[in-house]
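The values are calculated or read from the model by the stated rules, or taken from the named source; none is laboratory data. What you are looking at is a predicted structure, and each value in this text was computed from that prediction instead of being measured. Methodologically, a virtual Cβ is constructed for each residue, glycine included, from the backbone with ideal geometry; neighbour enumeration extends over all protein chains shown.
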Amino acid sequence: MSCEIKGTVYEVSDMETIKGRNGTDYSKKSIVVEYGDQYKRCVEVEFFGNEEKFPRELADVAEGQEVTVRANPTSRYSDKHSRWFTKFEGWYLKVHGDAPASQEPREIPAGVDEIPF
């Protein structure tokens with residue numbers, strides 16, 4: 001089963017390298033996508049495996065961009081924690097438009113209180 005999520009990139013993790021049991025190196029990168037109209041929700045989508053097979057857009061995706069992600073939701077049961085854990089394994093990423101311009105933090109003039117009350 002696959003699902004499609006359209007939304008705004010809320011957070012992007014750094015690329016991680018993980019050594020498998022057989023000695024093979026795997027890569028992992030996650031993005032958090034905020035979606036929904038009236039009630040905003042976030043979901044973390046994890047891309048895992050051989051980095052050459054990742055979507056090309058994943059290397060340059062930035063916070064604030066509009067994206068479409070396709071992922072397979074998977075769950076596993078943990079006997080140690082007596083609960084289910086669910087993750088979304090991404091396999092498709094499309095970026096719509098450019099990254100928004102970053103906003104510079106505004107400076108507060110000396111002698112002015114930051115809180116207006």
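Taking region 60-96 as the range and being in a loop (DSSP other than H, G, I, E, B) and in contact (Cβ under 8 Å) with a residue 40 or more places away in the chain as the test, the residues that pass are Val61, Ala62, Glu63, Gly64, Gln65.
Inspect all residues belonging to region 72-93 and state whether any of them is closer than 25 Å to Met1 by Cβ and touching a helix residue (DSSP H, G or I) at 6+ places or on another chain (Cβ under 6 Å). There is at least one residue in region 72-93 that is closer than 25 Å to Met1 by Cβ and touching a helix residue (DSSP H, G or I) at 6+ places or on another chain (Cβ under 6 Å). Scanning region 35-49 for residues that are under 16 Å from Tyr92 (Cβ atoms) and free of Cβ contacts under 8 Å to residues at least 40 places away in the same chain yields a total of 2.
Please verify whether Glu57 is surrounded by 10 or more Cβ atoms within 10 Å (Cβ to Cβ), at pLDDT 85 or above and part of a strand (DSSP E or B), treating the condition exactly as stated. Here the answer is no, as Glu57 does not meet what is asked.
Under the condition of being touching a Ser or Thr at 6+ places or on another chain (Cβ under 8 Å), outside any strand (DSSP E or B) and of a type in the set (Asp, Glu), the residues counted in region 28-54 number 1.
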